[in-house]
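Colleague: Here it is: the structure, laid out below.
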């Protein structure tokens, strides 16, 4: 099967649903944030503090653009949508699935934005970030899943159904 890349807001379930999909479809799972942390030896928030938001985005783009995997569910960070070269590469090697959650749901789930390592632009509110990214995710997605009222398991099932219909 072609790789799958999960995109969406921080806390949309990219990793949780990605793992469920990988198990059900017999695929590998790759969390790009964890790969970056493992290879750099630093937490995402430390990388953002050291390199600034733009520097962090360049680091993330470098890792994403260099991915060479097969039969893998890829879960990048929510900021991947800003990195056009990375998205071009991910589109070449995978089907892009947008996990769409509402703003109130994201706000409820997200907790501490800084501790979570969210690359939020200076002067932006969480709502500004949501609006900007939602438009980019929508544009990049091959498949969009509205998670409203769905458990992670139900979301994974819906994705599997849609993938089956796409052939």
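Read-outs throughout are calculated quantities, based only on the coordinates presented, and are distinct from any laboratory measurement. For clarity, every value in this text was computed on a predicted model and none was experimentally measured. Note: ideal-geometry Cβ built from the backbone for every residue, glycine included; neighbour counts use all protein chains shown.
Colleague: Would you mind telling me which residue in 149, 26, 123 has the biggest mean-square fluctuation in a Gaussian network model of the chain, where springs connect alpha carbons within a distance under 10 angstrom?
Modeller: Result: 123 has the largest fluctuation of those listed.
Colleague: Separation of segment 1-79 and segment 90-167 by C-alpha centroid, Å?
Modeller: 13 Å
Colleague: Moving on. Could you give the length gained by full extension between residue 84 and residue 122, i.e. 0.36 nm per residue of separation minus their alpha carbon distance, to one decimal place?
Modeller: Going from the current span to full extension adds 11.6 nm.
Colleague: Can you compute the FRET efficiency between residue 112 and residue 34 using 1/(1 + (r/R0)^6), with r the Cβ-Cβ distance and R0 = 22 Å? Round to the nearest 0.05.
Modeller: So, using R0 = 22 Å, E works out to roughly 0.70.
Colleague: Provide 73, 16 in ascending order of the number of other Cβ atoms located within 10 Å of each residue's Cβ, fewest first.
Modeller: Fewest to most other Cβ atoms nearby, the residues stand as 16, 73.
Colleague: Still on this structure: Does segment 1-90 come out rounded, prolate or oblate by the C-alpha gyration tensor, with a ≥ b ≥ c the root eigenvalues, rounded set by a/c under 1.5 and, if not, prolate when a/b is larger than b/c and oblate if not?
Modeller: Prolate, since a/c reaches 1.5 and a/b exceeds b/c.
Colleague: Which of rounded, prolate, oblate describes segment 19-167, given a ≥ b ≥ c as roots of the alpha-carbon gyration tensor eigenvalues and a/c under 1.5 marking rounded, otherwise prolate only if a/b is larger than b/c?
Modeller: Oblate, since a/c reaches 1.5 and b/c is not below a/b.
Colleague: Let me ask something else about it. Tell me what the chain gives for mean residue ellipticity at 222 nm when only DSSP H runs of n ≥ 4 count, each as -39,500 (n - 2.57), the sum divided by the residue total, rounded to 500 deg cm²/dmol.
Modeller: -17500 deg cm²/dmol
Colleague: Just want the ordering: 68, 94, 102, from fewest to most Cβ atoms lying within 10 Å of their own Cβ.
Modeller: Fewest-to-most Cβ neighbours within 10 Å comes out as 68, 102, 94.
Colleague: If packing is taken as the mean number of other Cβ atoms within 10 Å per residue, what is the order of 133-139, 35-41, highest first?
Modeller: 133-139, 35-41
Colleague: Over the chain, calculate the relative contact order: mean separation of alpha carbon pairs under 8 Å at least 6 apart, over the residue count, as a percent.
Modeller: 35 percent
Colleague: May I ask you to compute the full-extension gain from residue 50 to residue 93, defined as 0.36 nm times their residue separation minus their alpha-carbon distance, rounded to one decimal in nm?
Modeller: 12.4 nm
Colleague: Could you work out how far apart the two model spin labels at residue 58 and residue 2 are, taking each label as a point 7 Å from the Cα in the direction of the beta carbon, and quote it in nm?
Modeller: Placing both labels 7 Å along Cα→Cβ, they lie 3.3 nm apart.
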